[in-house]
1. When N is the residue count of region 182-297, what does its C-alpha Rg come to as a fraction of 2.2 N^0.38 Å?
2. If R₀ is 25 angstrom, what is the calculated FRET efficiency for the pair ALA118 and ALA243, using the beta carbon separation as r and rounding to 0.05?
3. Could you work out how much longer the chain between MET305 and SER268 gets when fully extended? Use 0.36 nm per residue separation minus the Cα distance between them, nm to one decimal.
4. Roughly speaking, what % of Cα-Cα pairs in region 102-184 are separated by over 14 Å, rounded to a whole number?
5. Give me the distance in nm between label points sitting 7 Å out from Cα along the Cα-to-Cβ direction at THR138 and ALA90, one decimal.
6. How big is Rg to Rh over region 107-304, alpha-carbon atoms, Rh as the Kirkwood inverse-mean-distance radius?
7. Collect residues whose amide H, placed 1.01 Å from N in the peptide plane, falls under 5 Å from the amide H of GLY144; neighbours closer than 5 in sequence don't count.
8. Rounded if a/c is under 1.5, else prolate if a/b beats b/c, else oblate: with a ≥ b ≥ c from the C-alpha gyration tensor eigenvalues square-rooted, which is region 248-319?
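Bear in mind these aren't lab numbers, they're just calculated from the coordinates by the rules spelled out. Here the structure is a predicted model, which is why all the values come from computation and not from measurement. All Cβ positions, even for glycine, are placed from backbone atoms using ideal geometry, and neighbour counts span all protein chains on display.
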Amino acid sequence: MAKKTLIWAVVGLLLAGCAADPDPVVNNAGNDVVEADVGQDVATADSGHDVVEPDVRLEDIANDADEPDADDTSEPAACPESHSITVTEASQLRNVAACRTIPGSLVIEVSLGVQSIALPLLEDVGEELVIRLQDATTSLDLSGLRTIGVALVIDENHALDELHLPLLTSVGQRLAVITNNALTSVRFDVLGMVGEDLVSFLVPSVNIWNNALLTTLEMPELKEVFGGIGFNVHQNPRLATLALPSLEATSELTLANMSALQSVSFPSLTSIGGLLLVISNSALPTCQAQALATSASPARVCIMMNASDNCADNISGCS
């Protein structure tokens, strides 16, 4: 800034000189008269030496003004080279935001006190992506994320009101969205598979649990959930409808303790490898739960404490 101020001061002097009286300047000491034009050599009689005034062009000054100050030491953000990254301070987010691939895990579980966590460049996480305990965070931008090798955990972020991952196609083993008290909408536009990679001992599952304000859950492309507890939607008291139009197979399916749930639709579901548990959904007709059992042929069935209608409970697999 100091350099730019000096440059424009020089410009001012030059412009002032151009507007001055063009008559020669008289040297009161009796020396020769000298006429000074910018860009010409100027000789002074009293020194006995030639003094050369350098050519000064406005375009050169403009170019110099565009150059960064010498004391500007800020560096561009750079993704950390660590295999895994644990964020404990808000200042670390600047460099993490430059990452496209993280070979290991990205863990943010110390409250940073920021309203927004923006990682739009991040495309691949080799192991786990964990974001929890962010009480001030209302916005989470993971718009470029495509694959997660092991687990996605969004847990106890009590100001977060929307979770939207438009490009996420696969999660290796586990997806958990748990106890986010302000969360109203969860959308995974192209997520097709959870739990394909069963290399480690983590339980492959989708677990949407205990989100007090959740009203929208959309996974239109989800086709399969392998192993473990399968697809579990539990204790989301404001969720009124649940539709998974592409889901074909899951190891288990749980719909439980959701007092507002009135309608479920799984038109492509043909296989539940283990337990179908539909329990304590006081507005959900029992016949809708029984229709799931008929179409998906689960190994075990527990249907009880839902809305009464012409269909009976099935408690054969409840014990």
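1. On the way: Rg = 13.3 Å, N = 116, 2.2 N^0.38 = 13.4 Å.
Dividing the Cα radius of gyration by 2.2 N^0.38 Å gives 0.99.
2. Values: r = 30 Å, r/R0 = 1.20.
Rounded to the nearest 0.05, the efficiency is 0.25.
3. Working: separation 37, 0.36 × 37 = 13.32 nm, distance 2.54 nm.
Once the chain is fully extended between MET305 and SER268, it gains 10.8 nm.
4. Values: 2008 of 3403 pairs.
Roughly 59 percent, once rounded to a whole number.
5. So the two model labels end up 1.4 nm from each other.
6. Values: Rg = 16.1 Å, Rh = 16.8 Å.
Reported Rg/Rh, Kirkwood definition of Rh: 0.96.
7. Under 5 Å from the amide H of GLY144: LEU122.
8. Working: a/c = 1.66, a/b = 1.36, b/c = 1.22.
Prolate shape, in that a/c is at least 1.5 and a/b is the bigger ratio.
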